[in-house]
Amino acid sequence: MFEIPLPFVVALLLAILLVRLILRGPGGQIGRSLRIFVAASLALVVMVGLRWQFDLMVFRFLRPLCAAMLPPIAWMCFAALGAQEKLRSRWTWMHIIPVLIIFIASVTWSRWHIPVDFLISVQFSGYGIALMVLASRGEDHFAQARLGDVGSVRGIVAVVGGALIFSALVDGLIALDFRNTQGTHAAAIVGYGQLVVLVVLAILMTRLGRLSPQSVTSDGTGTAPAQDHDRQADQDIGEDDAILAAIDDVVIGQHLYRDPDLTLDRLARRAVIPARQISGAINRRFGRNVSQVVNEYRIAEAQSLLRKTEKPVTEIMFECGFQTKSNFNREFLRVTGMGPRAYRTADPHPDERQSDQPFGPIRKLFSQNAGSRE
């Protein structure tokens, strides 16, 4: 019976996923990152298949070189989602150092017998840990990603980091196998370890790219200054409120919340305020993230349209900047305590009928603060 080697089956699946990403995948920087990483994974899988299928010297040499290039590619793809990454571009050349070390170790292996697979394992572990740390950071480190996709992007980066760490374990096992049994089980380790994790990684990345971020439940409406340093706290709040006022003018004046592809980086450029300052001010004053606050502008307009028009809920959802029904319903429930259809049929609260009701979370916050001072 004709049999296709497992690596080439995996390569075929990765090729299909790459085509899907090109034709129907997410756009922007996250889309480019996914396509580049899947293409690099595809190249590595093909090289591994050639190495174990034909066992030629050229493939023995190229396989570790291709493997050494994957972690730097993963890092540069996903770290580029941060607004500050352009400022660090001068250090990009340093990522070539581990690749050169592994290249030299491969070239001189016959003389020095440097454990190439062990070096690859260390490299994969280092980059995997770095990506896991990146995934745990705040929104300002993913300013190039669409605000509605920040949660999914962080999940993708965490999956990539975890997969690299698992691949490091596989390479470590290969190194031990060659040391103890002259590579008797190496092919099996490769077939059922590294290749499997790469295809699972590609599938998870594709699925995560279509998901909406999980809501971070928080009922905070701002932080109160501590009594032992009122003056400094008031100054900080004043600076934060100035930032919020500038954001509010841009978001409402230009209807940025209606843009489903809005990113923190784009918002920062429109407001002429660094992304880190925007994220910090919103977190301190609201206890919520930028994505949730932008969604509150969208929900405010959805509430108005539900009260004043007979438009279908789905049409209102798209008009306000949402792209998925699940995200719209989840955010509407978080903000209003009920679903959009129930909100339309219910008798609204009297203060919602007032024409001078402040629009959006920032103006409501300022209005509440002004009322409390009176």
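The values are calculated or read from the model by the stated rules, or taken from the named source; none is laboratory data. As the structure is a prediction and not an experimental result, all values here were calculated from the model. Note that each Cβ is placed from the backbone with ideal geometry, even for glycine, and that neighbours are counted across all protein chains shown.
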**Request:** Scan the stretch 153-178 residue by residue and report those that are touching a residue at least 60 places away in the same chain (Cβ under 8 Å) and either surrounded by fewer than 23 Cβ atoms within 10 Å (Cβ to Cβ) or not in a helix (DSSP H, G or I) (or both).
**Result:** Ala175, Phe178
**Asked** Are there any pairs, at least 6 apart or on different chains, whose C-beta atoms fall under 6 Å, with the first in the stretch 354-374 and surrounded by 13 or more Cβ atoms within 10 Å (Cβ to Cβ) and in a loop (DSSP other than H, G, I, E, B) and the second at pLDDT 80 or above and small (Gly, Ala, Ser), and if so, which?
**Response** Pro358/Ser367; Phe359/Ala300; Gly360/Ala300
**Request:** Select from the stretch 110-142 the residues that are within 13 Å of Phe78 (Cβ to Cβ), modelled with pLDDT under 85 and in contact with a helix residue (DSSP H, G or I) (Cβ under 6 Å, 6 or more places away or on another chain) and list them in ascending order.
**Result:** Phe142
**Message:** For the structure I just gave you, tell me whether Leu262 is closer than 14 Å to Gly148 by Cα and in contact with a strand residue (DSSP E or B) (Cβ under 7 Å, 6 or more places away or on another chain).
**Reply:** yes
**Request:** Identify, from the list Glu352, Glu331, the residue that is among the charged types (D, E, K, R) and at pLDDT below 90.
**Result:** Glu352
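Rundown of residues vs (1) surrounded by 20 or more Cβ atoms within 10 Å (Cβ to Cβ); (2) assigned to a helix (DSSP H, G or I), yes/no style:
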position: Leu267; (1), (2): yes, yes
position: Ile299; (1), (2): yes, yes
position: Leu305; (1), (2): no, yes
position: Gln323; (1), (2): no, no
position: Phe332; (1), (2): yes, yes
**Complete:** The condition from (1) touching a Cys at 6+ places or on another chain (Cβ under 9 Å); (2) farther than 16 Å from Gly360 by Cα; (3) among the β-branched types (Val, Ile, Thr) that Val272 misses is numbered (1)
